[in-house]
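First comes the structure, then the notes that go with it.
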Amino acid sequence: MDNLLVSACLLGYECKYCGGSNLMPAETVKTLREKYRLIPVCPESAGGLPTPRDPSERKDGKVVSSKGKDVTAQFEKGADTACVLYEKYACKAALLKANSPSCGVGSIYDGTFSGVLTAGDGLSAEKLKKLGTVVYTEDQVNKLI
């Protein structure tokens, strides 16, 4: 059975910035568990950020909270942790939270905190891709099932 790195919030861990989760449908999680060993990670928590925390977005090469605090170092640390887990468990791929400044793939919020998406990857997704990782979001979960 292959290992799959998964954003912890998608599995129901309450590590989302607001304290909740982004739990995928129970049937989806069940199917994933039947096919893969799921390796949960929340890069933001792993980077030392609390839950709940101020929302953050990427802009101009940095990650900044809605209150203007530069949290790039914490996001970098979390991304490094995600990469270590990916390699340690020889994961086949990664399933990450769409649009997140950490985990988004292909589109992320634009840094204005206005709900506008722009082309780009979250910091963890970007670093995982540099390792050659195939990275999916929950919108693409059917490709893994």
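No lab work stands behind these numbers, since they all come straight from the coordinates. Only a predicted model underlies this, so the values are computations on that prediction, with no experimental measurement involved. Backbone-built Cβ (ideal geometry, glycine too); neighbour counts: all protein chains shown.
Which chymotrypsin sites (Phe, Trp or Tyr not before Pro) does the stretch 35-89 hold that lie in a coil by DSSP with at most 13 other beta carbons within 10 Å? The partial results should precede the final answer.
On the way: sites: TYR36, PHE75, TYR86, TYR89; in loops: TYR89.
Filter output for the stretch 35-89: empty list.
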| note | Note: the stretch 2-143, point scatterers on Cα, Debye, no solvent; log10 I/I(0) at q = 0.16, 0.18 Å⁻¹ equals -0.76, -0.97
| field | Alpha-carbon centroid distance for the pair the stretch 114-145 / the stretch 6-47, whole angstrom | value | 15 Å
| task | In nm, give the distance between the simple-model label positions of LYS67 and LYS129, each being 7 Å from the Cα along the Cα-to-Cβ direction. | result | 3.1 nm
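Any chance you could run the full-extension gain for LEU23 through MET1? It's 0.36 nm times the residue separation minus the Cα-Cα distance, nm to one decimal. Can you show the working numbers first?
Details: separation 22, 0.36 × 22 = 7.92 nm, distance 2.28 nm.
So the extension gain works out to 5.6 nm.
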| note | Distance in nm between LYS143 and SER107 label points, each 7 Å along Cα→Cβ, equals 1.5 nm
